[in-house]
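Notes for the one structure printed next.
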Amino acid sequence: MAYLKWFGKENANATMRTAIKNNNYDSVADVKSPWEDNRIPDANMAALNPTGLTFVCIPRDFSLCEPGAVAIAFQIGAISDNTGPLITLCPRFFKSVKWQTMVDDWRTSGWKKSGQVLLTSGFNLLHEIQHISGIVGNERRCTDVKNYAPAPKDVSKFCYHPDCCERIEDSDKIQNAQNMAYFALDVTVNRSWDVSKRYTPE
């Protein structure tokens, strides 16, 4: 079962399931898309809407987008004097694979052979929004858990790889932003999950 795989048996209770559904998914679905009238040529960090969410496109040569970075979320006051939450979109964000490519790769476990998970820009946004307490709430705000259960050849500092996300402690599974995104991907691809089946880690 996808829930047990990504969130763990310890969190398989009605209270936690409801909290995750309401905060980490329903609230994200309610986020309104940016529209033309809200576009500005340059982000004034001191004039960001504290109850909104600002998306900032980062130039290729800007140091904020370190090698490998796709998108980065910042809480109020996290950088400079930003008065509202923002998500920076790095050049790699706009080179993400298509949705069907991600789904096909996940369905066939292609990433297990290649060692690389193919993820869309939408997947990355779902991950980053988990860091914004103004959307998911203070109690359900997720972090990037340290990579203490790495997959072979995985040198990531944080737990992003599916193998790591599957093997970390249950208490960390519900705090790791990547687990939230993998669960959404898994139930989208595998709509025939049988909730009566018990999940047993390999």
Completion exercise
Of the residues in the range 125-144, those that are under 14 Å from Leu86 (Cα atoms) and among the polar types (S, T, N, Q) come to Gln130, Ser133
Handout entry: Every pair of residues 6+ apart whose Cβ atoms lie under 8 Å, when the first sits in the range 131-142 and is at positive phi while the second is of a type in the set (A, V, I, L, M) and at pLDDT below 95
Key = none
Handout entry: Residue identified as touching a Phe, Trp or Tyr at 6+ places or on another chain (Cβ under 6 Å), crowded, with 18+ Cβ neighbours inside 10 Å, modelled with pLDDT of 95 or more and closer than 18 Å to Leu185 by Cβ among Cys165, Cys159
Key = Cys165
Problem - Residues being crowded, with 16+ Cβ neighbours inside 10 Å, in contact with a helix residue (DSSP H, G or I) (Cβ under 8 Å, 6 or more places away or on another chain) and of a type outside the set (Val, Ile, Thr) - total across the range 26-59 - result: 2
Handout entry: Single residue of the range 13-36 satisfying the filter (in a helix (DSSP H, G or I) and aliphatic (A, V, I, L, M)) that is farthest from the chain's Cα centre (by Cα)
Key = Ala14
Exercise for the section: Search the range 20-37 for residues that are free of Cβ contacts under 8 Å to residues at least 60 places away in the same chain and pair each with any residue that is part of a helix (DSSP H, G or I) when their beta-carbon atoms are under 9 Å apart and the residues are at least 6 apart or on different chains. Expected result: Asp30/Ile135
Fill in the blank from the handout: In the range 152-174, anything in contact (Cβ under 8 Å) with a residue 40 or more places away in the chain and either at positive phi or more than 14 Å from the chain's Cα centre (by Cα) (or both) is listed as Glu166, Glu169, Asp170, Ser171
Problem - For Lys32: the one exception among (1) closer than 22 Å to Ile132 by Cα; (2) modelled with pLDDT under 80 - result: (2)
Completion exercise
The residue that is nearest to Ala69 (Cα to Cα), considering only those in the range 133-156 that are modelled with pLDDT under 95 and charged (D, E, K, R), is Asp154
Problem - Top-ranked residue in the range 48-86 [being in a loop (DSSP other than H, G, I, E, B) and among the β-branched types (Val, Ile, Thr); ranked as farthest from Ser156 (Cα to Cα)] - result: Thr51
Practice task
Within the range 104-111, identify whether any single residue is free of Cβ contacts under 8 Å to residues at least 60 places away in the same chain, assigned to a loop (DSSP other than H, G, I, E, B) and farther than 22 Å from Val31 by Cβ, and answer yes or no.
Solution key: yes
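The values are calculated or read from the model by the stated rules, or taken from the named source; none is laboratory data. Note that the structure is predicted; figures quoted are calculated from it, not measured. Cβ coordinates were reconstructed from backbone atoms using ideal geometry, including for glycine residues, and neighbour counts include every protein chain displayed.
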